[in-house]
Every structure is written in structure tokens, then in C-alpha cells.
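To start, the structure under review is shown below, and the notes come after it.
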Amino acid sequence: MRTGEDLILWDWTFNHLGDIGQRVVEHLELTFIAVGVGFVLAALLSLAIRERPGLYAPVTWVTGVLYTIPSLALFALLVPITGFTVLTAEIGLVSYTLLILVRNIVGGLRGVPPEVREAATGMGYSRWRMLWQIEVPLATPVIVAGVRVAVVTTVGLVTVTALIGQGGLGFLIRMGIDQFFSTPLIIGAVLSIVLAVVLDGILVLVQRQATPWTRST
Amino acid sequence: MSQATVEFRHVSKQYGPQGAVVDLSLLVPAGDICVLVGPSGCGKTTSLKMVNRLVEPTSGQVLIDGQDVMSIDVTTLRRRIGYVIQQVGLFPHQTIFDNVATVPRLLGWPKKRIDARVTELLELIGLDPARVAERYPAQLSGGERQRVGVARAMAAEPPVMLMDEPFGAVDPIVRERLQNEFLRLHRTLGTTVLFVTHDIDEAIKMGTRVAVMQVGGHLAQYAPPTELLLRPANDFVARFVGVDRGLKRLSLLDVSDVGLTDAETARIGEDGDAIRRRTDAPYVLLLDADDKPAGWVNLSQLRGSGPVGPEAVDPSSPIVTLETTLRDALAMLLASAVQTAVVVDERGRYAGVLTLDALGEAFRAAPEPEAAVV
């Protein structure tokens, strides 16, 4: 840090509002694509596991390994293949969402009470009707809980992709570090936290709306 | 009124080397309640589930109105059979209305018909549609949920209903009420019912015919309840039915089978001295303005004059309905100081009194088993 300077220079901040706003949008885009693609992949994997329960162990093993790779190393390894691109960033970000999403989707579907399943089967529900009309709605709270964790971790991880030229708010953080300039660093960090908290809150509200039966007593 | 016969023809089910059900043959006439009863592991639930193909027989046939269930499309078959289980299995994410509407919707009934049917059913099972239709199962009591489970099973007017320990998870008082309600419902609907329980008392009370099953999947006896109590086919049935067979026969009779008598009554608020002047009976029955009984008042303990209020009644005053079984009525009489039960009608109004003598007389006059054998 340059000495004798305030932690945040408000002048600089107000002069760069447009730039900061753009970084926020970029950050949201990276997050939504990562969680969106991750969710689709995880949903497909979960359906495969529903058909063949034997797949659960290998799928969680592979996604578990992906989850343990340090993010810095993963992005560095991908750069020679896919370059300093959004694709590189998303491959990494998506990989980190898979474990938590697969676990929660499968767990949610499996958590349907056996008597509910038996009653539905006894009334002539097919496997697909059971999935869409019984299992998915009842699994919603658990699935949304997984999405919340995925979103919050992804918002944090997006900043790391600044190292490969992406990063959203991570760009500001990296700029602060490179230039020994605390203002963008703090702004980037604080806004990243705010994004995580706000998105998490929105998901809580969405879940409450989508599952009215969980609110009743 | 839809009903169908259900027949098991030499049905066996094997899991591995063990027989869960062995060569079961029985015919349930249309409109009967057939109770499958026996200790756990006797194959009663397995037998039940072979009707709607949740379990498929290893050999033999299950026929509904003469048609082998294995030849009917499984979805079509199940939508024509009502299914009630002990844990109810209501859909927690759907309202009571939607739960009851399940099978009619699967069958593609028009909306108006579904609305009318659900409302009718909720009323039939004694739940106010305006109060419960938009609620979720978690907002109802256990007894209410169990009723909704029965309503859901009956929604599409199935000719056959399967009930697997339907009242096993509720407390004894609620269970008795649900049993009586279901019997009343059955009298108006007449559906053929297969009912599984491990409770011989419930079997005797609910069954038109009772199939006693033995561990290992053998049918030990298939007979109307009275015959089962008077002529158990073997030692196993005799032991299962229990040494209190005579007492159990009391479960087959209810208060409406007994000649009721009248008692001295008084109104809440009447003067104590006036009552004593009017009668020399030791007890009078205190009624409110709507003829609803508050209980017995012991005149010898009534001190002084002044209006008599509900606080003066003996707290052990037994009150029964016309549907209470004589077995339960007897138990209540023995536990009470007055030994005369107050009988109320369906609106809770005083209808007469039941004495121990009258109860014994009705028991001795009950039809001999020969008359009951079909």
C-alpha cells in the first residue's frame, strides 16, 4: 500500500463507477453460467444415478476429485489448452459446482418418504410421473440448499479467475494488488461479499415461494 | 355402487427359498370386507399387494371379477383399486383437495366432476371442505390425515379397496371412531374391501369374513367372525383368537342391539330440593337445554337446595353411542360407579340408558353361530 493514503479514495471510486458496474455484471455472468451449466450437468448425472444407483459412487468420486484440485492450479493447467478465455474460467468454475449439486439433487430425490412413494405407485403413478410430480417438488428444499452453496462458492471463486484475465470483481482486486492500491481491492472484495449474500437471500425467497407446504405448521 | 369379487386361486409367493404365501385360495364376495389377520411374517401384506401387483405371485392367479390381474395393464389396474396404507402417504406438497383429487385427475375426469367429488368425499368423511381443502397434510391431525387417506383411495369409486393396517398408527380412541366411520361408509358404498391387520379384535369388528393366516404363509381359517370365535379350525386359530373368545363376541354387538331403558332426568339449573321431592332414585341424569347429558348426579351427595349445575355430576359417568360395541360399553360400565351408561344419538342427545343387566341379556340372546354361517 502507498503510505499516508486513505484506505478508500472516494474520488477514484466515483470516477470509476461505470467500470465497477461493468465488473459486477461480468461477475454475475460468470457466476450464472457456471451454476447454470453445472446444474444441468448435475441434473443429468443425477437422473442417470436414479436409473442406475451403482453410478453414484463413481460420480461422486470423480466430482470429489475435481473439487479438491486447488483452483489456482486448475486454471494454470487449463490455460495451455483453452487459453486466457471465458471458457477456461467456466470449465474450472463448473467443475467446482458439480459435487455439491449432484449430492443435493440425488439426496433430495432419495429423501422422498417411502410411504409417499408406495402410495403413489399404488395409485398408478409411472416412474416419470413420480419424478416430476412427487420427487422433484419434494426434493426442492434440498436442491435449492445445494444451489445456494454452489452460488456462494462460485461468487468467491470467480475472483480467482482474474489470474487468467477474467474475474469480474476479481479484476479490481488484482488491480489493487498489482498497483499497491487499496481502493479497488477493498471495493472488489466488499462487492463480491455483497453479491454472495444478496444472491443467497434471493434463493431463500425463491425457495419459500416455490415450496408453500414447508411454511405451514 | 361399484363392487367386484376378488379371488385368490392357488396363489404362492416365494422370496428365495422361503414361501411368503403358500397356495392361498380364497374368494371374497362382492361388497364384503375380508380381513386378513395374523402375526407378522404370515404373508398377509404380501397377499394384499398381489391384488394391485405391488408384488407379483410366483404361481397361481389373483382374479378381480374373474379377470387375472396379471393380464390387466398395471397402471389401469391400480387406478381402479383404492389403496390405503398405515403411514397414509399423503403427498406433503399438495393440498388436501389435490391429494383427494389424485386418481380422478390421473383418469382425466373433467374439472367440475372432480370438484364435486372431492367436496362430497370430504363431507362424507366428516371434514369441512371449506376448512381443510386448501390445507397441507402437515396441518391436519393424525386422525384427519388417515380419513383423507381413505377419501383419496375412494375418490374414483374403485370397485375394490385394499387397506393395509389403515388405522394402526392412531391412538385407540381415534382408531375406534375411524373404524365406526369406515363401517358406516362401507354400508352406503358397498365397495369390496381387503383389509390387513395384526389385531384380532379389529379383524372381528371390521370383517364380514376373516382370513386367519399363519406364519409361513398358510391360510389357517377363512370364516365369518362369529364362526371363528365359536369354532376355531385348529389350535393356532384358537390361541390367536384368544381365551377371551366370549368377550370378543361382545365386539360383534353394539349398543343398538340392546333394549334401552329410561332414567330419571333433571335439567341443569333445576332446584336440588325439587328433584329430591320428585324422585327417590339414588341417581338422576342431568341434561342441558339441548337434551345433551352432562352426567349422573348422586342425590345422596347433593347438599342443600339451589340450582344443580354440571359441577355436581359424577366424573366417571359413562357415555356411549348407539355404535359403541358392547365390549367397550362393558369395559366402561365396569369402570364407573354408576354402572349405567348414558346412550346418546348421533347428535349427542340423550337417547336412553344401558344397564349391565340389559347388556347381559342381549349377549345371551345373540344369534347362535349356525345362523351366522353363510
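A few points about this structure:
- In terms of distances greater than 19 angstrom between alpha carbons, the cross-link table entries B:Lys44/B:Lys248; B:Lys205/B:Lys248; B:Lys13/B:Lys205 yield B:Lys44/B:Lys248; B:Lys13/B:Lys205.
- Bridge type composition, the protein assembly as shown - antiparallel percent by DSSP, nearest 5: 55
- Each helix, a run of at least 4 DSSP H residues, gives -39500 (n - 2.57); summed and divided by the residues of chain A, these come to -25500 deg cm²/dmol at 222 nm.
- Convex hull volume per residue, computed on the Cα atoms of the protein assembly as shown, equals 248 Å³.
- Rounded to whole Hz, the Karplus (6.51, -1.76, 1.60) HN-Hα couplings of the stretch A:81-91, x for glycine and proline: 8, 10, x, 7, 10, 4, 4, 4, 4, 5, 4
- Each residue, B:Ala365 and A:Ile177, gets one label point 7 Å from its Cα in the Cβ direction; the gap between the two is 9.8 nm.
- A Cβ-based charge dipole, computed about the Cα centre of the stretch B:6-248 with Lys and Arg at +1 and Asp and Glu at -1, lands at about 320 debye.
- Cα-based helix-to-principal-axis angle, B:111-124 vs chain B, degrees rounded to 10: 40
- When its C-alpha radius of gyration is set against 2.2 N^0.38 Å (N residues), the stretch B:157-237 gives a value of 1.15.
- Net length available on complete extension from B:His10 to B:Ser300 is 97.7 nm, with 0.36 nm assigned per residue and the Cα-Cα distance removed.
- Rg(Cα) / (2.2 N^0.38 Å) computed for chain B, rounded to two decimals: 1.15
- Selection among A:Leu169, A:Pro212, A:Gly122 by position relative to the dipole of chain A gives A:Gly122 as farthest towards the positive end (Cβ unit charges, Cα centre).
- Under 17 Å from a label point set 7 Å out along the Cα-to-Cβ vector of B:Arg267, the amide N atoms of the stretch B:301-323 belong to B:306-310.
- Electrostatic dipole magnitude of chain A [Cβ: Lys, Arg +1; Asp, Glu -1; Cα centre; debye, to 20]: 860
- Projected area, mean over directions - chain A, Cα convex hull, nm²: 15.3
- Acute angle (nearest 10 degrees) that the helix B:356-365 long axis makes with the longest principal axis of chain B, alpha-carbon atoms: 40
- Considering all different alpha carbon pairs of the stretch A:108-217, the Kirkwood hydrodynamic radius works out to 16.8 Å.
- Spin-label model, A:Val79/B:Glu123: points 7 Å from Cα along the beta carbon direction are separated by 7.7 nm.
- The charge dipole of the protein assembly as shown, taken about its Cα centre with unit charges on the Cβ atoms of Lys, Arg (+1), Asp and Glu (-1) only, comes to about 1400 debye.
- Helical runs (DSSP H, four residues minimum) scored at -39500 (n - 2.57) apiece and divided by the length of chain B put the mean residue ellipticity at 222 nm at -9000 deg cm²/dmol.
- Inverse mean reciprocal Cα-Cα distance (Kirkwood Rh) of the stretch B:4-122, Å: 16.2
- Ordering B:Ala281, B:Thr324, B:Gly309 by Cα displacement along the dipole of the stretch B:249-366 toward the positive end leaves B:Ala281 in first place; charges were set at the Cβ atoms of Lys, Arg (+1) and Asp, Glu (-1).
- Remark: spin-label model distance A:Val149-B:Asn180 equals 5.2 nm, labels positioned 7 Å along the Cα→Cβ axis.
- Among B:Thr119, B:Thr321, B:Thr75: highest mean-square fluctuation, GNM of chain B, C-alpha pairs under 10 Å: B:Thr75
Only the coordinates and a few stated rules stand behind these numbers; no lab work does. This structure is a prediction, so every number in the text was calculated from the model and none was measured. Quick reminder, even Gly has a Cβ in these numbers, built from the backbone with ideal geometry, and neighbours come from all protein chains shown.
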